[in-house]
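Just below is one structure, and these are the notes that go with it.
Read the figures in this text as sums done on the coordinates, not as results from a lab. Remember, it's a predicted structure, so these values are computed and weren't measured experimentally. Every residue, glycine among them, receives a Cβ derived from its backbone with ideal geometry; neighbour counts consider all protein chains shown.
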Amino acid sequence: MTDFASLHQAGAPLILPNVWDVASARLLVQARFPALATTSLGVAASSGLSDGVDATHAETLRLTRRLACLPVHLTVDIETGSVATAAAVFEAGAVGVNMEDAMGPADVHAALIRSVKREVPDLFVNARTDTFWLRPGNIAETLLRVRLYADAGADGVFVPGLAEPADVAAVVAAVDVPVSVLFLPGQMSLPALAELGVRRVSMGSLLYRAALATAVDTAVAVRLGHTVRPDLPSYRDINTPAVDRLRSTGQLAVPGSAAASS
């Protein structure tokens, strides 16, 4: 398998889908994505928790362990994160983490990045700053923060919310590590982002929100007697991998055996 860091290429950015469970991950592996990330919103919301408050440590670690067997690189959104959480998901099989500053003190986040890289040097740390996400964008503060995080040892920097080419270009020019942005429908195209030097494009919570919208639309279509889209994954498409996994581990008996008939 190609080294995860080498997937961040100039001119051909890593397109990174974000998953929230094993089923979504398996389908994206089948679609030939070489790397997947988790979405903290999807993990939190599907567990009845709030995102952005560091409430999903147990759920995130549990999901990481379940996804580790898939033939794909996995990077995990650990929100603000901690050294212990970063080390735990690495041990569980993740090759990278996303750590956000949540607009807290930049020097504190830089110190955390430094500590994580010292404790888990082989973990790809993508340092996120929320200067364009939690409030109106401030490019001067963004540049200060991404430089500080790169100097602290971050392997990449992530600025969700960037939507202007000049701002993207400024961030790319400010650091020597790969720059990640969030895909924003209707904003800059993938070719435009690649031309600006972006090396990773995250889908964030987009797929999770799209799945929820599709579920509601399908339920309403059934209620109204409208046609349901015919190209949905079948029951067998979703269930067969899980059944095969259980059989291979001896947790599910083969049909026709004594155990299966009991």
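A few notes on this one:
- Cα principal axis extents for region 166-239, largest first, Å: 54, 27, 18
- Taking amide H as placed 1.01 Å from N in the peptide plane, the amide H of D77 sits under 5 Å from that of T38, N98, each at least 5 places away or on another chain.
- Listed residues T142, T214, T129, most fluctuating in the chain (Gaussian network, C-alpha, under 10 Å): T214
- Of all DSSP-defined beta bridges confined to the chain, some 5% are antiparallel rather than parallel.
- Each residue of region 183-195 was assigned a 3J(HN,Hα) from its phi angle through the Karplus expression (A = 6.51, B = -1.76, C = 1.60, θ = phi - 60°), giving 5, 10, x, x, 9, 5, 6, 4, x, 5, 5, 4, 5 Hz with x at Gly and Pro.
- Under a Gaussian network description of the chain, with springs only between Cα atoms under 10 Å, the residue in V201, V222, V177 that fluctuates furthest is V222.
- Charge dipole of the chain about the Cα centre (unit charges at C-beta), most positive-ward option of A12, A169, I139: A12
- Near M188: Cβ cut-off under 13 Å, other residues only, Lys/Arg at +1 and Asp/Glu at -1. The net charge is -3.
- When the P(r) is computed for region 123-197, the part past 15 Å accounts for 48% of the Cα-Cα pairs.
- Note on region 5-211: with charges restricted to the Cβ of Lys and Arg (+1) and Asp and Glu (-1), its dipole about the Cα centre is near 500 debye.
- Listed values for region 225-239 are Karplus-derived 3J(HN,Hα) couplings in whole Hz (6.51 cos²θ - 1.76 cosθ + 1.60, θ = phi - 60°), namely x, 7, 6, 8, 3, x, 9, 6, x, 7, 4, 5, 4, 7, 7, and x replaces Gly and Pro.
- Extent of region 5-211 along its three principal axes (Cα atoms, max minus min coordinate, largest first): 39, 34, 32 Å.
- Ranking L206, V97, V53 by how far each Cα lies toward the positive end of the dipole of the chain (charges on Cβ) leaves L206 at the top.
- Under the Karplus curve 6.51 cos²θ - 1.76 cosθ + 1.60, θ = phi - 60°, whole-Hz ³J(HN,Hα) for region 172-181, x wherever Gly or Pro sits: 4, 6, 7, 9, 9, 9, x, 9, 10, 10
- F158 long-range amide H proximity, modeled H, under 5 Å: A127, R128, T129, S180
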